[in-house]
Amino acid sequence: MSDDPRPVSPDTASVSLGHEADDHLGSLKPPIYETSTFVFKTAEEGKRFFEVALGLDEAREGEEFGYIYSRLDNPNLRVAEARLAVWEGADDALVFNSGMAAINTVFLTYLRPGDLILYSIPAYGGTAKILESLFTELGVTTRTFRSDADERDLGELIGDAPLAMVYVETPANPTNEIFDIALAGRVAHAHGARLVVDNTFLSPVWQRPLDHDADLVVHSATKYLGGHSDITAGAVCGGAEDIDELRHLRYRLGTTASPATAWMLTRSLETLRIRVEKQTENAIRIAAFLNDHSKVSSVNHLSLLETDEHRKRIYESQCLGPGAMISFEVVGGEEEAFRFLNAMKVVHLAVSLGGTESLASHPWTMSQATMAPETKRLIGVTPGLIRFSVGVEDSEDLIHDLEQALSHV
């Protein structure tokens, strides 16, 4: 990187930040440091590395550290984390071996028996399940809120309980419901709690929660950040103090991403904007097509908010683009949804999202399968709902495939 003090954009940082070719035998790209263990030059150096890594002492100004063990840190992790932090406008970032590893490390760091967490619904099934099972069993109180809740509603939910965290997934999986990040931040901070935002669906290309008073941002980096359906990873971005605290628990839990995963994530971040912009361009066209189709009863995409003033206001205040996730309801319920899914030829029938290929799934029987039917309907998940992750293929090919698949409904 140049010594010019002018900050570079995330697009530039994604290509060059954190790697100096001269330090790696002139290698243009960061090599994969596929090693478990690193050698100390002296016993005194080893002692100092451990003092800081394990939180026994703080680093002094200008002090630089090498590596001890890849569960703790690794050169590939440092490059990926530096570039992620720039994307989210954060002090620092951490990469984990899955999205749920990242989320659970945040919960385990900041939630204690007797605490209250408010979380938005709908939410990813894995997040809701762990809160309502393990953390409830550990004595954490959980309460949920919908997107139309205002500050008074949230205050009534909290009451006199010791609020530790407000957790918001926006846009929400799988319905694209959006929540007001700044409002959630005001409520959290008024009670001395943290606001954590899951930014998986829009990625930092289209939304940066830290700009709207979030304390931490979490990602399933398997999705848009990884973008090629070939890694499983998670990420947390935020302030230096919080990230340092999370880093120490990551050491102990062993939720650190492998060097190979960190290297592949670094590769993917170089093309993040290019991929997401193409996917979003495709999604806008596809959402308009579906919105006019007689066999589709409703479409959820953030490009279609003209008649919803409340959601449109939130969108315009915190989002930079509508993203590439669509959910839509096929007329006729589960049987007709299955006819549609089984007839697809270009689009793949699979869970996950954010990859270069287009994927469609059935939330009622897949990602939200463990929820009670009445709960699913309450959050907008119906037997006819399809979740569609739009890829980078030619949009006309995708629309043709959707058209022919809908003809079987």
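Observations
- The phi torsions of segment 164-170, fed into the Karplus equation with coefficients 6.51, -1.76 and 1.60 and a -60° offset, translate into couplings of 10, 7, 10, 10, 10, 10, 8 Hz, rounded to whole numbers, with Gly and Pro shown as x.
- Beta bridge orientation in segment 273-406: antiparallel %, DSSP, nearest 5: 85 percent
- Sites Glu309 and Ile274, calculated FRET efficiency, Cβ-Cβ separation with R0 25 Å, nearest 0.05: 0.15
- Pairwise FRET efficiency - Ser407 versus Ala372, Cβ, R0 = 22 Å, nearest 0.05: 0.05
- Taking every alpha-carbon pair under 8 Å whose residues sit at least 6 apart, segment 273-406 reaches a relative contact order of 30 percent.
- Cα gyration tensor shape of segment 163-277, rounded if a/c is under 1.5, else prolate or oblate by comparing a/b with b/c: oblate
- Note on Lys223, Lys295: ascending count of other Cβ atoms within 10 Å places them as Lys295, Lys223, the fewest first.
- The chain, relative contact order [Cα under 8 Å, separation at least 6], %: 16 percent
- Neighbour cut-off at most 13 other Cβ (10 Å), DSSP loop, GluC sites (Glu not before Pro), segment 282-389: Glu306
- For Ala343 and Thr136, the difference between the fully extended length at 0.36 nm per residue and the C-alpha to C-alpha distance is 70.4 nm.
- Full extension of the chain segment joining Glu316 with Leu56 gains 89.1 nm, where the gain is 0.36 nm per residue of separation less the Cα-Cα distance.
- In segment 273-406, a dipole from Cβ-located charges (positive for Lys and Arg, negative for Asp and Glu) runs towards its positive end, and of Ser303, Ser352, Ala372 it is Ala372 whose Cα lies farthest in that direction.
- When the square roots of the Cα gyration tensor eigenvalues are ordered a ≥ b ≥ c, the ratio a/c for segment 257-409 is under 1.5, which makes its shape rounded.
- Counting other Cβ atoms within 10 Å as a rough exposure proxy, the listed residues Lys345, Lys312 run Lys345, Lys312 from fewest neighbours to most.
- DSSP-defined antiparallel bridges as percent of all bridges, the chain, nearest 5: 55 percent
- Evaluated with a Cβ-only charge set (Lys, Arg +1; Asp, Glu -1), segment 187-341 carries a dipole of roughly 420 debye about its Cα centre, given to the nearest 20.
- Ranked Thr200, Thr109, Thr375, criterion: other C-beta atoms within 10 Å, fewest first: Thr375, Thr109, Thr200
- Segment 236-265 and segment 129-190: distance between their alpha carbon centers, rounded to Å: 24 Å
- The value of relative contact order for segment 343-409, using C-alpha pairs under 8 Å at least six residues apart, is 41 percent.
- Rounded to the nearest 20 debye, the dipole size of the chain about its Cα centre is 860 debye, using +1 on the Cβ of Lys and Arg and -1 on the Cβ of Asp and Glu.
Rule-based calculations on the coordinates, nothing more; no lab input. As the structure is a computational prediction, the values presented were derived from the model and not from experiment. Positions of Cβ are generated from backbone atoms using ideal geometry, with glycine treated the same way; all protein chains shown enter the neighbour counts.
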